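The values are calculated or read from the model by the stated rules, or taken from the named source; none is laboratory data. Here the structure is a predicted model, which is why all the values come from computation and not from measurement. Virtual Cβ from ideal backbone geometry, glycine too; neighbours counted across all protein chains shown. For the accessible areas, the whole protein counts, side chains as well, though only heavy atoms, and no ligand, DNA or RNA atoms are used. Shrake-Rupley method; radii C 1.70, N 1.55, O 1.52, S 1.80 Å.
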Amino acid sequence: AVEGTELLQKLYNLLEAKGFQARMEGVALLLDLCRSSPQLISTNIFEVFDSFVLRLADSHKKVKQKALAVLAEIIGVLEDALDPVIIALVEGITTNLNSKDPGVRSA
């Protein structure tokens with residue numbers, strides 16, 4: 001339990017970091033945790049995705065693109081566990097559909 005708490009705190013710190021590289025690390029860590037510890041993520045779904053949804057609207061386009069690409073993989077891994085946060089995810093995705101950046105729009 002302590003290890004899970006430490007991993008989650010590291011995830012939150014990275015997802016909410018000032019530097020875009022750290023935020024990208026946080027997005028990658030989330031994907032890793034979804035694959036290796038889906039129960040940990042599912043149990044803390046609201047807290048995790050409150051931080052992650054912000055990356056879907058990140059001011060840095062590389063972070064935004066990575067978050068959108070990772071989300072596609074996360075959906076396949078977590079499936080029904082995402083039900084409680086699906087509205088926030090859809091809102092985060094739809095804000096990117098009209099992006100002027102073709103990379104963001106296609107992601």
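Summary table
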read-out: Single residue of the stretch 13-23 satisfying the filter (open to solvent by 50 Å² or more (accessible area, probe 1.4 Å) and in contact with a helix residue (DSSP H, G or I) (Cβ under 8 Å, 6 or more places away or on another chain)) that is farthest from Glu47 (Cα to Cα); value: Phe20
read-out: Pair list, Cβ < 6 Å and 6+ apart or interchain, from the stretch 88-107 residues that are farther than 22 Å from Ile45 by Cβ and of a type outside the set (Gly, Ala, Ser) to residues that are modelled with pLDDT of 75 or more and open to solvent by 70 Å² or more (accessible area, probe 1.4 Å); value: Asp101/Lys61; Val104/Lys61
read-out: From Ile86, Ile75, residue being open to solvent by 60 Å² or more (accessible area, probe 1.4 Å), of a type in the set (Val, Ile, Thr), within 11 Å of the chain's Cα centre (by Cα) and farther than 23 Å from Lys18 by Cβ; value: Ile75
